[in-house]
Amino acid sequence: MIDKYLKILKRGDVVAFPTETVYGLGASALNPDAIKKVFQIKGRPADNPLIVHVSDLDMVYNFADDISPDTKELMDAFWPGPLTFVLPKKATVLDIITAGLDTVAIRMPDHKLALRLIRHAGPLVAPSANISGKPSPTRLDHVKNDLGVDFPVVDGGPCEIGLESTVIDMSAEPYTILRPGHITAKDLESILGKKVNITGSQEKEKPRSPGMKYSHYSPDATVRWMDQDEVPNNPYTMYLFPSSPPHIGSENANIKRYDNNFADFARDLYDRFRQADLQGFQELAIEKFENYDALLNRIQKAIG
Ligand code: TXA
Ligand code: MG
């Protein structure tokens with residue numbers, strides 16, 4: 001079943017594939033013409049660099065050979081998994097991947113179809129498989145909606161995590177999280193035994209992760225926080241309750257409760273964003289919560 005997609009990748013074309021975070025838009029990381037197509041298909045600005053996806057440690061050394069003991073320790077602890085390392089790049093890494101930076105981003109996804117593709121087709125660049133300006137796709141039909149029904153997509157069903165990987169810059173100390181994800185600063189600190197910084201929106205210097213300067217997706221519907229006791233009485237509002245508010249008995253098309261299952265909520269969020277627009281909701285109201293930084297971060301970005 002995967003052979004058809006390997007053929008497409010090997011001839012220098014682009015294939016969407018599932019990972020544990022979101023669907024990626026894959027092309028050979030060794031073929032500049034194939035990578036150009038990725039930028040064209042997504043409508044992605046050329047100064048926003050891509051993540052190289054690998055299936056084993058040996059592949060990493062083709063892109064970065066300065067792997068510190070700290071980096072190695074984190075790779076051992078979290079790979080394959082939703083953690084992307086920004087490392088000093090080797091001179092041979094294609095400029096189109098790194099947007100001319102002297103670092104390269106690398107990750108080993110925790111998904112058997114993704115790993116099988118990479119093992120046979122070689123390392124793949126893979127941004128999220130959405131059109132720039134849309135939320136990352138977490139389901140097959142999201143990719144088809146953005147890229148067309150005939151676009152080649154390896155079907156892996158819904159993505160397990162539903163939010164993009166944590167990006168950590170290991171090129172200088174103190175190490176800095178450039179994009180929060182499922183793996184938290186605390187998780188990283190517990191392995192490293194040192195403090196990890198988190199890039200704040202207050203950062204005034206040039207953004208360390210170029211992607212962060214682009215506006216993030218927000219649905220056409222207005223997104224806002226609400227209190228737990230808000231009564232859902234507007235048919236044009238979609239209400240999302242991460243907790244289990246006593247006054248929310250049953251769910252329906254515009255009311256959803258997650259009963260404190262934040263993994264479920266994360267898996268569902270981008271689909272809700274897309275549904276809000278497809279179904280013409282005017283507003284998306286989300287009950288305030290504290291835990292799960294990455295989820296808070298994506299919602300806060302959508303609120304703007
Ligand atoms: O979970 C994920 O990471 C997904 C799946 C498909 O693996 N991929 C993904 O790729 O989210 P993308 O291209 O949508 O986001 C990559 C982020 C961007 O914010 C980009 O600016 C940043 O990583 N990035 C890439 N290379 C970088 C570098 N050398 N230095 C700093 N940031 C970099
Ligand atoms: Mg993206």
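The values are calculated or read from the model by the stated rules, or taken from the named source; none is laboratory data. These numbers come from a predicted model, not from an experiment. Cβ: placed from backbone, ideal geometry, glycine included. Neighbour counts: every protein chain shown.
In this structure, does Ser55 turn out to be away from ligand 1 (no atom under 14 Å from the Cβ) and crowded, with 18+ Cβ neighbours inside 10 Å?
Against the criterion (away from ligand 1 (no atom under 14 Å from the Cβ) and crowded, with 18+ Cβ neighbours inside 10 Å), Ser55 does not qualify.
Please identify the pairs in which a residue from the range 101-112 that is more than 16 Å from ligand 2 (Cβ to nearest atom) has its Cβ atom under 7 Å from the Cβ atom of a residue that is of a type in the set (Lys, Arg) and not in a strand (DSSP E or B), counting only partners at least 6 apart or on another chain.
Asp102/Lys89; Thr103/Lys89; Val104/Lys89
For the range 95-117, give me each residue that is surrounded by fewer than 18 Cβ atoms within 10 Å (Cβ to Cβ) and outside any helix (DSSP H, G or I).
Residues satisfying the conditions are Ala99, Gly100, Asp102.
Run Thr92 past the list (1) under 18 Å from the mean Cα position of the chain (by Cα); (2) more than 15 Å from ligand 2 (Cβ to nearest atom); (3) assigned to a loop (DSSP other than H, G, I, E, B) and report the number of the one that doesn't hold.
The one condition Thr92 does not meet is (1).
What number of residues within the range 248-281 satisfy the criterion of being of a type in the set (S, T, N, Q) and within 19 Å of Ala294 (Cα to Cα)?
Residues that pass the stated criteria total 2.
Given the residues Thr98, Thr92, Thr103, which is the only one that is near ligand 1 (Cβ under 9 Å from one of its atoms) and either out of contact with any Ser or Thr (no Cβ under 9 Å at 6 or more places or on another chain) or modelled with pLDDT under 95 (or both)?
Thr98 is the lone residue from the list that is near ligand 1 (Cβ under 9 Å from one of its atoms) and either out of contact with any Ser or Thr (no Cβ under 9 Å at 6 or more places or on another chain) or modelled with pLDDT under 95 (or both).
Here are Ile131, Ile177: which of them is more than 27 Å from Asp58 (Cα to Cα) and not in a helix (DSSP H, G or I)?
Ile131
Return the pair list, or none, for Cβ contacts closer than 7 Å from residues in the range 42-69 that are more than 19 Å from Pro123 (Cα to Cα) and part of a loop (DSSP other than H, G, I, E, B) to residues that are more than 16 Å from ligand 2 (Cβ to nearest atom) and modelled with pLDDT of 95 or more, at least 6 apart or on different chains.
Partner pairs satisfying both residue conditions: Ser68/Met170.
Kindly evaluate Ala266 against the criterion of being part of a helix (DSSP H, G or I), under 24 Å from Thr199 (Cα atoms), touching a Gly at 6+ places or on another chain (Cβ under 8 Å) and among the hydrophobic types (A, V, I, L, M, F, W, C).
yes
Would you check which residues across the range 1-41 are assigned to a loop (DSSP other than H, G, I, E, B) and among the basic types (Lys, Arg) and list them?
Result: Arg11, single match.
Pairs under 8 Å by beta carbon, first residue at pLDDT 95 or above and polar (S, T, N, Q) in the range 124-148, partner more than 10 Å from ligand 2 (Cβ to nearest atom) and part of a helix (DSSP H, G or I), six or more apart or different chains?
Asn130/His142; Asn130/Val143; Asn130/Asp146; Ser136/Tyr270; Thr138/Arg267; Thr138/Tyr270; Thr138/Asp271; Asn145/Arg274
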